[in-house]
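Below is one structure; the comments refer to it alone.
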Amino acid sequence: MTNAYSFDGVLVFSMLVICTCAYMRRVPRLKQWFLSEKKGFLGVFYKASVIGTRLHIPVALSLTLMAIYVMFLK
């Protein structure tokens, strides 16, 4: 189990947010509801979806490495 207050816990959480927002960008109703604002608090989700969409290969590789680290090395 990853502690939420450790550095690797923050990395796991941020990677999960990026992947979730990139998925929500592909679903039209969720995109209208969550990702319509580009500024403010909900703008964080928009920016995470842009990162997940444009950098999908590095995000996928880093998630794979993070899963190996959490499952086997921690």
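The values are calculated or read from the model by the stated rules, or taken from the named source; none is laboratory data. This one's a predicted model, so the numbers in the text were calculated from it and none came from an experiment. Ideal geometry is used to build each Cβ from the backbone, glycine not excepted, and the neighbour counts take in all protein chains shown. For accessibility, only protein heavy atoms count, side chains too; no ligands or nucleic acids. Shrake-Rupley method; radii C 1.70, N 1.55, O 1.52, S 1.80 Å.
Calculate for the chain the 222 nm mean residue ellipticity that helices alone would give, adding -39,500 (n - 2.57) per DSSP H run of length 4 or more and normalising by residue count, nearest 500 deg cm²/dmol. Don't skip to the answer; put the middle values down first.
On the way: 4 runs with 52 residues, N = 74.
When only DSSP H runs of four or more count, the value is -22500 deg cm²/dmol.
Which lysines have a Cα lying under 27 Å from the Cα of LYS47, excluding residues fewer than 8 positions away in the same chain?
Output for LYS47: LYS31, LYS38, LYS39.
Count neighbours as other Cβ atoms within 10 Å of each site's Cβ, and list the chymotrypsin sites (Phe, Trp or Tyr not before Pro) in the stretch 33-73 that are DSSP loop with at most 14 such neighbours.
Sites meeting the loop and neighbour criteria: PHE41.
Just to verify a number: FRET efficiency for THR53 and PHE13, C-beta to C-beta distance, R0 = 22 Å, to 0.05?
Computed FRET efficiency for THR53 and PHE13 comes out at 0.70.
For the chain, what % of the accessible area comes from carbon and sulfur atoms, probe 1.4 Å? Let's see the in-between values first.
Details: 4170 of 5900 Å².
The C+S portion of the solvent-accessible surface of the chain is 71 percent.
Which of the DSSP-defined H helices in the chain satisfy a minimum axial length of 20 Å, computed from C-alpha atoms, and a minimum mean Kyte-Doolittle hydropathy of 1.0? Intermediate values should be presented prior to the final figure.
On the way: long enough: 7-26 (29 Å, 1.26).
Span-like helices here: 7-26.
So if each residue of separation counts as 0.36 nm, and I subtract the Cα-Cα distance between MET66 and LYS38, what length gain in nm does that give? Walk me through the numbers on the way to the answer.
Details: separation 28, 0.36 × 28 = 10.08 nm, distance 2.86 nm.
Gain on extension, MET66 to LYS38, equals 7.2 nm.
Two-decimal Rg/Rh of the chain from alpha-carbon positions, Kirkwood Rh? Kindly include the intermediate steps, with their values, before the conclusion.
Numbers: Rg = 13.5 Å, Rh = 13.0 Å.
Radius of gyration relative to Kirkwood radius: 1.04.
In nm², what is the average projected area of the convex hull enclosing the Cα atoms of the stretch 1-41? Don't skip to the end; give the middle numbers.
Details: hull surface 14.7 nm².
Average projection, Cα convex hull of the stretch 1-41: 3.7 nm².
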